[in-house]
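Let me begin by presenting the structure, written as structure tokens, before commenting on it.
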Amino acid sequence: DVCSSDLLPPGHPQATELLLMIAQWVDVGYRDHHLLDSLLLKFPAGCRRKLPFDDYLRLRLAEGFRALSVEEVDTAIGAFDFVLKADQEALEENLVALAHFWKGRAHRKKGEYETAFVEIVAARELAQKHRENAMFTAVIQIHEGWILFQKGLKKEALQLLAHAETALKGSDHYLALGNIESARGRIVRRSGEYAKALEHFDRAIAIYSAADPNHRNLARTLVNAAYVKRLLALQLRKRIDARARKTRPARGGNQPGSTSSGPPGLRARYQELCHEAILQLQRARAIYTFHNSAGIGAVIINSGYLHLDRGDIDRAAEEAMEAYRIGCEKNDQILMARARVLQTATENAKVEEQVGEDVDTALHASQAKQFSEEALALAKHTENHRLLAAANIARGMTAANEFFQEWDLAKRCASEATDLIGADRKSTRLNSSHLGIS
């Protein structure tokens with residue numbers, strides 16, 4: 001077994017080719033970055049100076065992928081930049097395509113969607129030059145479709161995913177096939193088709209679980225499914241509260257977050273959805289903990305909102321603080337912004353409850369303002385329109401709370417959020433030639 005023996009001496013003429021091949025196998029779901037760690041140790045600084053230039057570039061590609069795997073995205077981008085700025089004749093076109101592909105994914109992780117799109121398209125155009133790259137091209141198209149979705153191009157994204165699925169049908173590339181279903185779930189969820197989204201997520205979960213029950217993409221899909229179940233639970237709670245207000249007008253209805261009254265069937269379904277969401281988040285947390293992944297931050301954010309929905313403000317605030325700490329540790333500005341949005345919501349909830357003395361209300365209002373302003377600043381460092389819209393909504397809700405009542409500012413923030421969401425929907429359309437579909 002090359003992975004556990006000395007069959008990869010740096011002096012071997014195919015050593016770096018084999019190393020990079022293993023990196024690509026890791027990328028499609030075989031083992032994880034720990035395998036690469038042991039192999040990269042075989043190439044210390046002294047050995048690297050003696051490598052031919054093309055071998056050194058392959059080594060840097062493998063190191064870049066390893067950095068991407070452990071979410072050190074800036075390090076990864078630096079390694080891929082080095083390879084792409086080198087003499088392109090030193091590497092085969094397939095490897096240049098691979099560098100663009102991995103670099104695009106690194107930029108996507110940072111929320112830099114325009115740069116990611118340029119890199120992904122460059123990778124796909126190079127891969128399409130050779131028929132034997134049909135599967136690689138399909139995998140690239142999955143990521144290209146995802147970026148199109150982030151840019152508001154739902155129809156084009158679904159078109160690319162269908163094209164990739166056709167190319168991969170019958171293959172054992174479980175990771176790519178699971179990614180297609182997961183992406184479809186995210187796309188239809190944004191359209192409000194929650195039941196359909198859960199169907200896609202369930203299929204993705206089944207595909208991932210059958211091959212690797214601890215894969216990070218499985219954890220990500222579990223989080224997405226839990227989020228949809230939270231949305232469905234919120235819809236049910238609104239129906240429960242509305243019926244309670246009709247049957248008990250003299251008492252003013254239920255308190256926010258309460259489902260103690262209302263039709264038994266709706267209450268039972270509400271509790272069931274919340275319980276299922278919690279179980280999926282717990283499973284996702286275990287997987288992310290196994291990988292020491294920043295993805296655990298998404299678990300904590302979603303868990304925090306579930307606590308907030310059910311009236312446990314203090315627990316939600318604790319979750320938000322922990323998510324922000326992880327975001328800082330991983331330099332993940334998207335996670336940091338999402339955590340600040342949740343912290344804003346918890347502080348505003350405390351203002352609305354008016355718990356304690358007036359000085360406490362002023363303190364919570366001030367903290368909500370600080371958190372919402374920080375969320376805005378962080379979101380502006382990304383190209384995630386929805387995140388920036390959420391930050392504007394958080395700032396607007398703070399301006400409109402019982403303490404500030406700054407209605408003009410609240411209206412401006414609401415208008416900005418509406419424009420941002422609308423910008424996604426009105427993005428310039430692309431035709432099939434731009435997507436590389438023939």
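Remarks
For (1) within 16 Å of A390 (Cβ to Cβ); (2) touching a Leu at 6+ places or on another chain (Cβ under 8 Å); (3) open to solvent by 30 Å² or more (accessible area, probe 1.4 Å), each residue gets a yes or a no:
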| position | (1), (2), (3) |
| --- | --- |
| D312 | no, no, yes |
| A317 | no, no, no |
| A337 | yes, yes, no |
| L342 | yes, yes, no |
| A362 | no, no, yes |
| A365 | no, no, no |
| A375 | yes, no, no |
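- Per this entry, V341 is counted among residues that are in contact with a helix residue (DSSP H, G or I) (Cβ under 9 Å, 6 or more places away or on another chain) and without any contact (Cβ under 8 Å) to a residue 60 or more places away in the chain.
- Count of residues meeting criterion [open to solvent by 20 Å² or more (accessible area, probe 1.4 Å), assigned to a helix (DSSP H, G or I) and touching a helix residue (DSSP H, G or I) at 6+ places or on another chain (Cβ under 9 Å)] in region 350-360: 3
Listed here are the residues, each with its yes/no results for (1) in contact with a helix residue (DSSP H, G or I) (Cβ under 7 Å, 6 or more places away or on another chain); (2) open to solvent by less than 50 Å² (accessible area, probe 1.4 Å); (3) farther than 18 Å from L84 by Cα.
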position: R105; (1), (2), (3): yes, yes, no
position: Y113; (1), (2), (3): yes, yes, yes
position: V118; (1), (2), (3): no, no, no
position: Q128; (1), (2), (3): yes, no, yes
position: N133; (1), (2), (3): yes, yes, yes
position: V139; (1), (2), (3): yes, yes, yes
position: F149; (1), (2), (3): yes, yes, yes
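- Pick from region 1-51, criterion hydrophobic (A, V, I, L, M, F, W, C), at pLDDT below 85 and assigned to a loop (DSSP other than H, G, I, E, B), ranking: least open to solvent (accessible area, probe 1.4 Å): L8
- Those residues of region 167-195 which are of a type in the set (V, I, T) and within 21 Å of A210 (Cβ to Cβ), in sequence order: I180
- Complete set of residues in region 377-396 that are surrounded by fewer than 19 Cβ atoms within 10 Å (Cβ to Cβ) and either at pLDDT 95 or above or not β-branched (V, I, T) (or both): A377, K380, H381, R386
The values are calculated or read from the model by the stated rules, or taken from the named source; none is laboratory data. Please read all numbers here as calculations on a predicted model, not as lab measurements. No Cβ is skipped: glycine too gets one built from the backbone with ideal geometry, and neighbour counts run over all protein chains shown. Heads up: the accessible areas ignore ligands, DNA and RNA and are worked out on the full protein's heavy atoms, side chains in. Shrake-Rupley method; radii C 1.70, N 1.55, O 1.52, S 1.80 Å.
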